[in-house]
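Rule-based calculations on the coordinates, nothing more; no lab input. These figures come from a predicted structure and were not determined experimentally. Here the Cβ is made from the backbone with ideal geometry for all residues, glycine too, and neighbour counts use every protein chain on show.
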Ligand SMILES: Nc1ncnc2c1ncn2[C@@H]1O[C@H](COP(=O)(O)OP(=O)(O)O)[C@@H](O)[C@H]1O
Ligand SMILES: [Mg+2]
């Protein structure tokens, strides 16, 4: 089992963490669910200290009841980060949320990475300017993170690009197990660097490439599920916004409607709080549609990828409609 950073539990330093690891408790879960006596027998840690550690571990792992009032207070800490496009923010319910996973789904070139890059900059803005006032951790699995683009967007926004770039921690993941290792690292990284936005672009591409064939599907889905839930816990424990990107896969058995559906199946659908489908929207614009959200209506809007990152598309002509295909002008009278 991989280490998820015992050090991220309040009150655990590196010495105590290694003592617990050596005693056979490598993860926050393992600490949260073990009887305290057992830990006492296997370590030199005092009983009351163990109870304290377990309380902190359970809070992070959310295995305890809490009151609705506590849950309400926690929801009040939720923040929203602007994408740069007020219309896109609006259909997202005000922006990309903390304490949640937002999934950007689309074919190649629909703007997933561009939105991630734009968010890496806007997340650093203070809350009164629509940001999260924190730094960013970016896991790049496809080698498409472009630092020049970060510099470009930051300077167009009137920010100092070098300062902005210093607050983005980027890691290139070379395969799925490396990607998992990097996600495990996030627990300590986010705490030490005031990270408020985590991006995994793309969550699924290595998994799809490495686990080919039906016989490997259940193992793939199990690991994917485990790591998506780590990201959910990270988002909740540290009030972080997590954005993952996903591809669409063709479903040859579709006769009606869109034959493309998000990859990753139910595992992906259930772990992600908000799902946004991106398509090409005509005239160089992009179309974003909210799907499957527990709290947001299924709305559509258009946006543009520009030198400044992500911006609203120009107003549609009166009477025109946004459809699956983009914008359809009203029929001529
Ligand atoms: N500086 C820019 N100005 C305008 N459009 C840009 C700029 N940089 C990239 N793009 C657009 O972004 C598209 C790529 O989007 P991207 O986010 O990489 O797609 P995805 O990650 O969904 O595969 C390109 O086709 C291009 O149209
Ligand atoms: Mg991309």
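Ordered by packing density, taken as the mean number of other Cβ atoms within 10 Å over each peptide's residues, highest first, how do 290-299, 141-150 rank?
141-150, 290-299
Can you tell me how the chain classifies by the Cα gyration tensor, rounded, prolate or oblate, using a/c under 1.5 as the rounded cut?
Since a/c reaches 1.5 and a/b is larger than b/c, the shape of the chain is classed as prolate.
Would you work out the relative contact order for the stretch 241-319, in percent, from Cα pairs under 8 angstrom that are 6 or more residues apart?
Worked out over the stretch 241-319, it gives 16 percent.
Quick check: from the Cα gyration tensor, does the stretch 72-164 come out rounded (a/c under 1.5), prolate or oblate?
oblate
Report the Cα-based extents of the stretch 223-298 along its three principal axes, largest first, to the nearest Å.
Between the extreme Cα coordinates on each principal axis of the stretch 223-298 lie 40, 29, 21 Å.
Any idea what angle helix 147-156 forms with the longest principal axis of the chain, computed on alpha-carbon atoms, 0 to 90 degrees, nearest 10?
60 degrees
Å³ per residue of the Cα convex hull, for the stretch 8-139?
Roughly 162 Å³ of hull volume per residue.
Rounded to the nearest 5, what % of the DSSP beta bridges within the chain are antiparallel ones?
45 percent
Find how much the distance from residue 292 to residue 71 grows on full extension, using 0.36 nm per residue of separation minus their present alpha carbon separation; answer in nm with one decimal. The partial results should precede the final answer.
On the way: separation 221, 0.36 × 221 = 79.56 nm, distance 2.29 nm.
Result: 77.3 nm gained on full extension.
Any chance you could run the full-extension gain for residue 239 through residue 38? It's 0.36 nm times the residue separation minus the Cα-Cα distance, nm to one decimal.
Answer, rounded to one decimal: 69.1 nm.
Using mean Cβ contacts within 10 Å as the protection proxy, how do 10-16, 190-196 order, highest first? Don't skip to the answer; put the middle values down first.
Working: 10-16: 12.4, 190-196: 18.0.
Ranking the peptides 10-16, 190-196 by packing returns 190-196, 10-16.
R0 = 22 Å: FRET efficiency of residue 146 with residue 178, Cβ-based, nearest 0.05?
FRET efficiency, residue 146 to residue 178: 0.60.
Would you order 112, 325, 80 from fewest to most other beta-carbon atoms within 10 Å of each residue's own beta-carbon? Intermediate values should be presented prior to the final figure.
Details: 112 26, 325 11, 80 18.
Ranking 112, 325, 80 by Cβ neighbours within 10 Å, fewest first, gives 325, 80, 112.
If you line up the long axis of helix 217-238 against the longest principal axis of the chain, both from Cα atoms, how many degrees apart are they, to the nearest 10?
80 degrees
Report the full-extension gain for the segment residue 193 to residue 48: residue separation times 0.36 nm, less the Cα-Cα distance, to one decimal in nm. If you can, show how the numbers build up before the last one.
Values: separation 145, 0.36 × 145 = 52.20 nm, distance 3.05 nm.
Gain in length upon complete extension: 49.2 nm.
How many angstrom lie between the C-alpha centres of the stretch 49-91 and the stretch 225-303?
Taking the Cα centre of each part, the stretch 49-91 and the stretch 225-303 sit 21 Å apart.
Which of these, 155, 218, 135, has the largest mean-square fluctuation under a Gaussian network model of the chain (Cα springs below 10 Å)?
218
Using only helices, what value at 222 nm comes out for the chain when you add -39,500 (n - 2.57) per DSSP H run of length 4 or more and divide by the total residues, to the nearest 500 deg cm²/dmol? Write out the running numbers ahead of the final one.
Details: 13 runs with 132 residues, N = 333.
My calculation for the chain gives -11500 deg cm²/dmol from helical runs alone.
Note down the relative contact order for the chain as a percent, whole number, built from C-alpha pairs under 8 angstrom at least six residues apart.
Numbers: 602 pairs, mean separation 66.0, N = 333.
Relative CO of the chain lands at 20 percent.
Enter the angle in degrees (range 0 to 90, nearest 10) between the Cα long axis of helix 47-61 and the first principal axis of the Cα atoms of the chain, meaning the one along which they spread out most.
Rounded to the nearest ten degrees, it is 10.
Would you mind classifying the stretch 161-237 by shape? Square roots of the alpha carbon gyration tensor eigenvalues, ordered a ≥ b ≥ c; an a/c under 1.5 is rounded, otherwise it is prolate if a/b is larger than b/c and oblate if not.
It is prolate, given that a/c is not under 1.5 and a/b is the larger ratio.
With contacts defined as alpha carbon pairs under 8 Å and 6 or more residues apart, what's the relative contact order of the stretch 90-244 in percent?
Computed value for the stretch 90-244: 35 percent relative contact order.
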